[in-house]
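Read-outs: derived from the displayed coordinates by stated rules, not from any lab. This is a predicted model, so every value here is computed, not measured. Backbone-built Cβ (ideal geometry, glycine too); neighbour counts: all protein chains shown.
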Amino acid sequence: MTDNNNTGGPWLQTHSGKAWHILEPRHEDVDWLDITFALAKICRFNGHCTQHYSVAQHSVAVAESLPDECRRYALLHDAHEAYLGDWTRPLKAALDAISPDGALQELESRTACAIHLAAGLAYPVPVDIAEQIKKADIRQLFIERNNIMARPPLDWEGEHLNPTLPYRVKPEIWEDAAQRYFNALVSAGIDAGSVFLPFALNHGGTEGR
């Protein structure tokens, strides 16, 4: 949506009814239920998978594969997608090929900064932690590709570094993915509140925050 009063630029109405200012995101506007709700409903791979597999479930899987000191950051590595959507790697590469001005990357960075600040975490992510998350993220990408997508017509970038992996994924319904993601945030020490999540998801409430 655009701001008819021209006071804050483009903004997004969130699940809880808040306004998220896309150009100037603020940490005080971060609502963990908004993030949880959106990530649980956003499907990986732009929906081109055999079953709905959410960004929330992916984020938990990446976090669970890493040491404790990385988990809070790992849970948030795609959290900006709650406000900006899941832009696939091929689409980002295509945008860079057409106009390498980095506009999308700038929006992602601004959004991620606000989210990490709300979580009490440093941003940019410490280099050693960022590297571990990147490797785990790519590994999980190929696990998911092998489990919930059709046989690829061409090799994926990085495939030679990620041979066939024996792990399996079981896609969760969005409500279960949301509950696990929210629980993981709390377990990792992020002050997401103590709301009874299913009620909040169904009614848009934030009681107990």
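Can you check what the net charge comes to around E108, using other residues whose Cβ is under 15 Å from the Cβ of E108 (Lys, Arg +1; Asp, Glu -1)?
On the way: positive: R89, K92, R110, K134; negative: E24, D78, E81, D86, D96, D101, E106, D137.
Result for the neighbourhood of E108: -4.
For the chain, modelled as a Gaussian network with Cα springs under 10 Å, which listed residue fluctuates most, D137, D86, D191?
The residue with the greatest mean-square fluctuation here is D191.
Mean-square fluctuation check for the chain, GNM, Cα pairs under 10 Å: which of L95, L76, L84 is largest?
L95
Toward the positive end of the charge dipole of the chain, about the Cα centre and with charges on Cβ (Lys, Arg +1; Asp, Glu -1), which of V127, T111, A40 goes farthest?
Highest projection toward the positive end goes to A40.
Evaluate the charge dipole of region 11-203 about its Cα centre and quote only its size in Debye, nearest 20, assuming +1 on the Cβ of each Lys and Arg and -1 on the Cβ of each Asp and Glu. Don't skip to the end; give the middle numbers.
Values: 17 positive and 26 negative charges, 103 e Å.
In debye, rounded to 20, region 11-203 gives about 500.
Name the residue, out of E131, E144, E172, whose mean-square fluctuation peaks in a Gaussian network model built on the chain with Cα pairs under 10 Å.
E131
Which value in nm describes the separation of the simple spin-label points at S187 and S16, placed 7 Å from the Cα toward the beta carbon?
Here the answer is 2.3 nm between the modelled labels.
Taking the radius of gyration and the Kirkwood hydrodynamic radius from Cα positions alone, what is the Rg/Rh ratio for region 66-148, to two decimal places?
On the way: Rg = 13.7 Å, Rh = 14.0 Å.
With Rh from the inverse mean 1/r over Cα pairs, Rg/Rh is 0.98.
Looking at region 1-79, what % of the alpha carbon pairs are farther apart than 19 Å? Could you put the intermediate results ahead of the total?
Details: 1539 of 3081 pairs.
Cα-Cα pairs of region 1-79 separated by over 19 Å account for 50 percent.
What per residue convex hull volume, in Å³, do the alpha-carbon atoms of region 11-203 yield? Display every interim value, and only then the final one.
Details: hull volume 24.5 nm³, N = 193.
So the per-residue hull volume is 127 Å³.
Within 10 Å, Cβ to Cβ, of L117, how many net charges do the neighbouring residues add up to if Lys/Arg are +1 and Asp/Glu are -1? Write out the running numbers ahead of the final one.
Working: positive: R26; negative: E28.
Spelling it out: positives minus negatives among the neighbours equals 0.
What value, in deg cm²/dmol to 500, does the helix sum -39500 (n - 2.57) over DSSP H runs of n ≥ 4 give at 222 nm once divided by the residues of the chain?
Only helices count here, giving -15000 deg cm²/dmol.
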